[in-house]
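The values are calculated or read from the model by the stated rules, or taken from the named source; none is laboratory data. Source: prediction; values computed, not measured. Note: ideal-geometry Cβ built from the backbone for every residue, glycine included; neighbour counts use all protein chains shown. For accessibility, only protein heavy atoms count, side chains too; no ligands or nucleic acids. Shrake-Rupley method; radii C 1.70, N 1.55, O 1.52, S 1.80 Å.
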Amino acid sequence: MEFGLFFNGAAPQSVFVGEGLLCVSGPQRIYPLLVTGPTGAASLPLDLTSAPLAGSLQAGDTRYFQFWFRD
């Protein structure tokens with residue numbers, strides 16, 4: 001089990017960061033910090049009407065999400 005967090009951005013990208021790949025441009029963190037389950041999976045229900053997504057989304061927008069953790 002590992003700690004990690006989700007973040008999102010308005011565009012995809014491919015940038016090497018350490019030994020991983022950042023796939024979201026202009027990342028914006030989505031709290032809270034999460035703990036992965038025994039299979040390494042993590043999930044977070046999103047409320048699109050609260051921060052950080054509230055007010056930044058319009059109908060038809062595309063957002064990109066990524067989960068970051070340290071192993």
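Summary of computed values
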| item | result |
| --- | --- |
| Cα-centred dipole magnitude for the chain, charges only on beta-carbon of K, R (+1) and D, E (-1), debye, nearest 20 | 100 |
| When the chain is reduced to its Cα atoms, the Kirkwood hydrodynamic radius in Å | 13.2 |
| Karplus-derived HN-Hα couplings along the range 50-65 (A = 6.51, B = -1.76, C = 1.60, θ = phi - 60°), whole Hz, x at Gly and Pro | 10, 4, x, 8, 4, x, 9, 10, 10, 3, x, 5, 10, 10, 10, 10 |
| Carbon + sulfur, % of accessible area of the range 1-61 - ligands and nucleic acids excluded, 1.4 Å | 60 |
| Residue-span extension gain [Leu21 to Tyr64] - 0.36 nm each, minus C-alpha spacing | 14.1 nm |
| Per residue accessible area of the chain, 1.4 Å probe, in Å² | 73 |
